[in-house]
1. List every residue whose amide H lies under 5 Å from the amide H of B:L83, counting only residues 5 or more places away in sequence or on a different chain, with H placed 1.01 Å from N in the peptide plane.
2. Whose amide H sits under 5 Å from the amide H of B:L36, counting only residues 5 or more places off or on another chain, with H placed in the peptide plane?
3. Determine the alpha carbon to alpha carbon distance for each of B:K75/C:K224; B:K75/B:K185; B:K107/B:K171 and list only those over 32 Å.
4. Listing A:I241, B:I172 from the residue with the fewest other Cβ atoms within 10 Å to the one with the most, what is the order?
5. Residue by residue through segment A:126-143, what is 3J(HN,Hα) from phi via Karplus (6.51 cos²θ - 1.76 cosθ + 1.60, θ = phi - 60°)? Round to whole Hz and write x for glycine and proline.
6. What is the Cα coordinate range of segment C:4-216 on the first, second and third principal axes, sorted by size from largest, in whole angstrom?
7. Using Cα pairs under 8 angstrom and six or more residues apart, how large is the relative contact order of segment C:4-216, in percent?
8. Quick one: which residues, 5+ away or cross-chain, put their amide H under 5 Å from the amide H of A:Y224? H built at 1.01 Å from N.
Amino acid sequence: MSTRSLAIPVWAVCALVLLLVPAYGSPTFVDLAFRTASLIVLAISWNLMASAGLISLGHSAFFGLGGYVGILSANLLGAPFWLSLVGAVIAGTLLGSGLALITGRMRGIYFAITTLAASEGLRVIAVMLPDLTGGAKGAYLKAATFPGVLAINLAMSLVAVAACIIAWMVSRSRFHYAFRAMRANEAASQMLGIFPLKYRTAIMALSGGMASLVGGVEVWHGGYLDPAVAFDLHITITSQIAPILGGIYTLSGPILGAIATVFLGDATRIALGHLQGASLLVFGLVLVFCVLYLPQGIQGGLLRMLGKRPSEAAAEPKLSPTVATGAAKP
Amino acid sequence: MTALLELANLRVGYGQSVVLQDVSLELHQGEIVCLLGANGAGKTTTTRAVSGLLAPWSGEIRFAGENIASIPAHKRVELGICLSPEGRQVFPNFSVHENLLLGSYSKKARQRRAEMFDEVYGLFPRLAERRTQKAGLMSGGEQQMLAIGRALMGCPRLLMLDEPSLGLAPKIILDVYEAVATIAKRGLSILFVEQNVQAALLVAHRGYVLANGQIAAAGTSAELQNSTLVQEAFLGKKPSLLATDGARGHSAAVPAI
Amino acid sequence: MDIFPQAFSDAILLAGLYTLMAVGLSLGFGVLRIINFAQGEMIMLGAYGAFWLFTLMGVDPLISLPLLVVAGFALGWVLFHGVVAKVLDAPHINQILLTFGIGLAIQHVAIILWTGNARSTTPDYATTSSVVGDVLLVHGRVTAFAAAVVMVAALIAWLQWSETGRATRAVAENRSAAVLMGIDVNRIYALSFGVSCALSVATGVVVSFILTITPFMGFPMLVKAIAIVILGGLGSIAGTVLGAFALAFAETFVSYYLPEGSGWAEGIAFVLIIGILLVRPRGILGQAVET
């Protein structure tokens, strides 16, 4: 049996496990599944943006916005669980497409900085509007109807499975080719009849909605939110570490990476728990290591061990190592 | 006597695509040699390879008898290889004087700075008049003079000029070539790239014709002037043979003379 | 009492610090075309360096300044040759993630070594003050301003008139033309990265006696430095000075004249970033940069 035909049953079993754990797992596993599912969605969301050449350094903006929309719609409007999640998705979608339109043609550094500014800016707003958000002291969820822990955990698993399916569908659509073209050369892709702004807005909306949804579910799970939690740099960091560690621009990379990141975080917490900050130190080193030595992540590393060429990531354009590159004129 | 510059079976390209297939040429002390060829034939690539901006894939670049193919570009300036690059590439936010100061950045040139300033400002009085002007605000002709002057400031043993007439008015081209001729009279060795064949052959002692990344013809200026190949290629009589660059990268059957 | 003179002088003093804080980032970007997301952590390291030298050995921050600047340069030099050089020609994403990862690692080494507790350096002049007309001048802030001005002036003079400084500007303007001048571009890169780290460390030293020192102090300062650099135009030193004054004045006046202004002032940098990117992405004095 080839690896390819094996892949679908394997993924199906994984999805099933993820969906069954909230109901039948021990508390430790339920918690583990919840955190993994949450990070899978964030990682897929980050990876979707990266696939379009957009590096987000402010994924916590979406996460935090979703969290606040979730908690505020429940507390102020009495929205039930599912409705507050719809609200979170809409808010994330709007923020995503708004950022895409603001940044326009700019990518790379400018885009990264804009997302960073958006996240920090939202944090300041959340701190400065205490009447609405509870300010720096934070706010507790006071929902009229509480769906139950099982429903919330199950919702996160469902969202994770749905995110995987969406990512798979995107990879099968025209977006896939548009991404490649956009990463390689935006101007050229425009000439090929691919309209980057249209694709970029769509992908930012999709990706932003996903990340905000996670924030929405998390706030029901935790029951509390303050600006430091909502717009925590930690969210930004884990959502980028996971796809990079797993294999950027690939389908399975963010999933593998999310599992590995949760594992790595827990392992350092257990091993070096007395050292505050150890897990983020490890993440920082992992980031540096991956960029320098494992550009295709775990996925690429595994494929190489199996003696295969990493499919998509390998096709990335690499700059030629000339002596001193200037404007190369052939 | 060994040549000052000698290229042996040079093969260079960008990324995956080869530009120079197999180029061999030589230039002796005090000689003025021009490289002719259509757009995309590999003239600029040759100067970039000699100056070290591009690393050769194979073959040798010998300067004063020594293979310099693996010496980094900035050290070749120290050896005395100075290029006035295609498109002039002056530093637009620097004054004329600062551009020339940069031209004499290398240790050897720094010691002879005052002397070279006199020489360059003498050669191009226009630059002396505008020494505090920002280079980016000058005309194309003035920028070209600055680019040549800047290369001269490096005290070259071999001066390379890449398309000094590009985009200039005919009268300015004349000025520029007059200066080149003056420099040449002082015994400096010059390798220059030109599309303007008539002007080039007027100044040069010898020339090479590049086509599809190979030397298609070589000879003295007079020989090239009369060569049917050059006439066909550049005087528009039968442009099929040489004036294509679409076929670059594939071996084309070009007769070498 | 009219608070304008006080606000004005506070803004000027802050602008000096902001200039020093952003000028290193600007130099690094101008020459290497890399935004160093670890720059904030260099500021933090500088502040801790000054704190420990003062607390353990009683060395005045102004005396440890030159020492720490040299150490910062060395750190930058090592970081450049160790890691940054490897991603110079890599896609932006690699450069951003790499420097971000370095910053993250440095920050958490600091947390592990020195805990998250807030500290402060307290030389005598940190808290004394004098009144000139309607204006209260805290000596610590004036000292920090003076030190910042001296360093920025030294940087500008070096760039303008020294052989290597001129070469550095040339590399920033046109890398391959600079090579043709005989400039060793890699050396200039390492040098610029080192100088840019040294300037950040210097920033940390001079803020050590006017701000609270924590391992988290760097990141917000990095974001502000980025705002300033974008405002002034990426890679333009003169623009950076203008940007620093603009941000300092905006923040100071908002915090003086708006209710709860000091909280809102923290958000100005982000508004400026998004506003500038919307209106004039190249900044006040910058040139177009491909991204």
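1. Amide H neighbours of B:L83, under 5 Å, 5+ apart: B:M160.
2. Here B:Y208, B:V209, B:L210 satisfy the definition.
3. Listed pairs above 32 Å: B:K75/C:K224; B:K107/B:K171.
4. Placing the least packed residue first, the sequence is B:I172, A:I241.
5. Residue by residue, segment A:126-143 yields 4, 5, 8, 10, x, 5, 8, 9, x, x, 5, 6, x, 9, 9, 6, 10, 7 Hz.
6. In descending order, the Cα extents are 56, 40, 31 Å.
7. Once divided by the residue count of segment C:4-216, the mean separation gives 45 percent.
8. A:L141
Bear in mind these aren't lab numbers, they're just calculated from the coordinates by the rules spelled out. As the structure is a prediction and not an experimental result, all values here were calculated from the model. With ideal geometry, Cβ positions are generated from the backbone for all residues, glycine too; neighbour counts draw on all protein chains shown.
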